[in-house]
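Q: Dropping a structure here in structure tokens format, bear with me for questions.
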Amino acid sequence: MTRQRTPRQAWIQAGMEALGDGGPAAVRVEELARRLGVTKGGFYGYFDGREQLLAEVLDSWEREAANAVIEEAETAGGPDAADRLHALTRSVQARIGLRQTELAVRDWARRDDGAAERIRRVDRARMEYLYRLFLEATGDPDEAAARAAPR
């Protein structure tokens, strides 16, 4: 009987959940193995160590928090900027678990330059997308900049 390996993405997803639950300190190999119901030995077949996992958790969060949300809005929203803005709102609201992870990443970014850079990139991608939508909707660059600016 051969045992199946726990997929790499399962470790990353468990890491994301742990990050949302308790910050980067909660992303521990032993704890993730317990969550997944496996031994920690399989972890080292995918990752050199905890730091690599944390980097990949940040990669995954960044893709989901910015790129995936924007792509979904573009696909589901249709040709009208207002419809894409509504689709963006729905997409963000549907990702409830991502909110806790984002709060944890933002807290982490206060102490870690790598996490801070991820936050800057995600925020920049979001603001640029909002700016483009508002520019398309209003035709006014100043109005678009004002509406897209964080409050």
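The values are calculated or read from the model by the stated rules, or taken from the named source; none is laboratory data. What you are looking at is a predicted structure, and each value in this text was computed from that prediction instead of being measured. A quick note on method: Cβ atoms are made from the backbone with ideal geometry, for glycine too, and the neighbour counts reach across all protein chains shown.
Q: Listed residues L103, L130; which is in a helix (DSSP H, G or I) and either surrounded by 14 or more Cβ atoms within 10 Å (Cβ to Cβ) or of a type in the set (S, T, Y) (or both)?
A: Working: L103 fails: either surrounded by 14 or more Cβ atoms within 10 Å (Cβ to Cβ) or of a type in the set (S, T, Y) (or both).
Every option except L130 fails the conditions.
Q: Does Q93 fit the bill of being among the polar types (S, T, N, Q), out of contact with any Ser or Thr (no Cβ under 7 Å at 6 or more places or on another chain), at pLDDT 95 or above and surrounded by fewer than 15 Cβ atoms within 10 Å (Cβ to Cβ)?
A: Working: among the polar types (S, T, N, Q): yes; out of contact with any Ser or Thr (no Cβ under 7 Å at 6 or more places or on another chain): yes; at pLDDT 95 or above: no; surrounded by fewer than 15 Cβ atoms within 10 Å (Cβ to Cβ): yes.
Considered against the rule, which asks whether it is among the polar types (S, T, N, Q), out of contact with any Ser or Thr (no Cβ under 7 Å at 6 or more places or on another chain), at pLDDT 95 or above and surrounded by fewer than 15 Cβ atoms within 10 Å (Cβ to Cβ), Q93 comes out as no.
Q: Under 6 Å between Cβ atoms, which residue pairs at least 6 apart in sequence (or on different chains) link something in the range 26-51 that is in contact (Cβ under 8 Å) with a residue 12 or more places away in the chain with a partner that is buried (at least 16 other Cβ atoms within 10 Å of the Cβ) and assigned to a loop (DSSP other than H, G, I, E, B)?
A: Sorted first by the residue in the range 26-51, then by its partner, the pairs are L36/T6; V38/T6; G42/T6.
Q: Another question, if that's okay. Step by step: first the residues of the range 133-143, then only those that are in contact (Cβ under 8 Å) with a residue 12 or more places away in the chain and not aliphatic (A, V, I, L, M), then the one that is surrounded by the fewest Cβ atoms within 10 Å (Cβ to Cβ). Which residue is that? Steps first, answer last, please.
A: Filtering the range 133-143 down to residues in contact (Cβ under 8 Å) with a residue 12 or more places away in the chain leaves 133-134, 136-137.
Next, from what is left, pick out any that are not aliphatic (A, V, I, L, M): 134, 136.
Working: F134: 21, E136: 15.
Checked the range 133-143; the qualifying residue surrounded by the fewest Cβ atoms within 10 Å (Cβ to Cβ) is E136.
Q: Any idea how many residues of the range 18-41 are touching a Gly at 6+ places or on another chain (Cβ under 7 Å) and assigned to a helix (DSSP H, G or I)?
A: Taking the range 18-41 and keeping what is touching a Gly at 6+ places or on another chain (Cβ under 7 Å), we get 20, 27, 32.
When the remaining residues are screened for being assigned to a helix (DSSP H, G or I), the result is 20, 32.
Selection size over the range 18-41: 2.
Q: Looking at (1) loosely packed, with under 15 Cβ neighbours inside 10 Å; (2) modelled with pLDDT of 95 or more, which is the only condition P24 fails?
A: (1)
Q: Listed residues A76, A109, A146, A82; which is in contact (Cβ under 8 Å) with a residue 40 or more places away in the chain and in contact with a helix residue (DSSP H, G or I) (Cβ under 9 Å, 6 or more places away or on another chain)? Before you say what the answer is, go through the steps one by one.
A: Numbers: A76 fails: in contact (Cβ under 8 Å) with a residue 40 or more places away in the chain; A109 fails: in contact (Cβ under 8 Å) with a residue 40 or more places away in the chain; A146 fails: in contact (Cβ under 8 Å) with a residue 40 or more places away in the chain.
Result of the check over A76, A109, A146, A82: A82.
Q: Hey, among R151, R124, which residue is outside any helix (DSSP H, G or I) and surrounded by fewer than 14 Cβ atoms within 10 Å (Cβ to Cβ)? Talk me through it step by step, then tell me what you get.
A: Numbers: R124 fails: outside any helix (DSSP H, G or I).
Testing whether each residue is outside any helix (DSSP H, G or I) and surrounded by fewer than 14 Cβ atoms within 10 Å (Cβ to Cβ) leaves just R151.
Q: What tally of residues in the range 55-84 results from selecting those that are over 29 Å from G15 (Cβ atoms) and surrounded by 19 or more Cβ atoms within 10 Å (Cβ to Cβ)? Reasoning before the result, please.
A: Initial filter on the range 55-84 (over 29 Å from G15 (Cβ atoms)): 77-84.
Cutting the leftovers down to surrounded by 19 or more Cβ atoms within 10 Å (Cβ to Cβ) gives us 77, 84.
Adding up the residues that qualify gives 2.
Q: Considering only the range 112-129, state which residues are in contact (Cβ under 8 Å) with a residue 40 or more places away in the chain and under 16 Å from E71 (Cβ atoms).
A: Applying the first criterion (in contact (Cβ under 8 Å) with a residue 40 or more places away in the chain) to the range 112-129 yields 112, 114-115, 118, 121-122, 125-126, 129.
Scanning the range 112-129 gives R121, V122, A125, R126, Y129.
Q: On to the next question. Would you mind stating whether A68 is out of contact with any Leu (no Cβ under 8 Å at 6 or more places or on another chain) and not polar (S, T, N, Q)? Spell out how you get there, then give the answer.
A: Numbers: out of contact with any Leu (no Cβ under 8 Å at 6 or more places or on another chain): yes; not polar (S, T, N, Q): yes.
Criteria met by A68.
Q: Mind listing just one residue for me: the one in the range 1-57 that is over 26 Å from D112 (Cα atoms) and polar (S, T, N, Q) and, of those, farthest from the chain's Cα centre (by Cα)?
A: Ranking the qualifying residues of the range 1-57, first place goes to T2.
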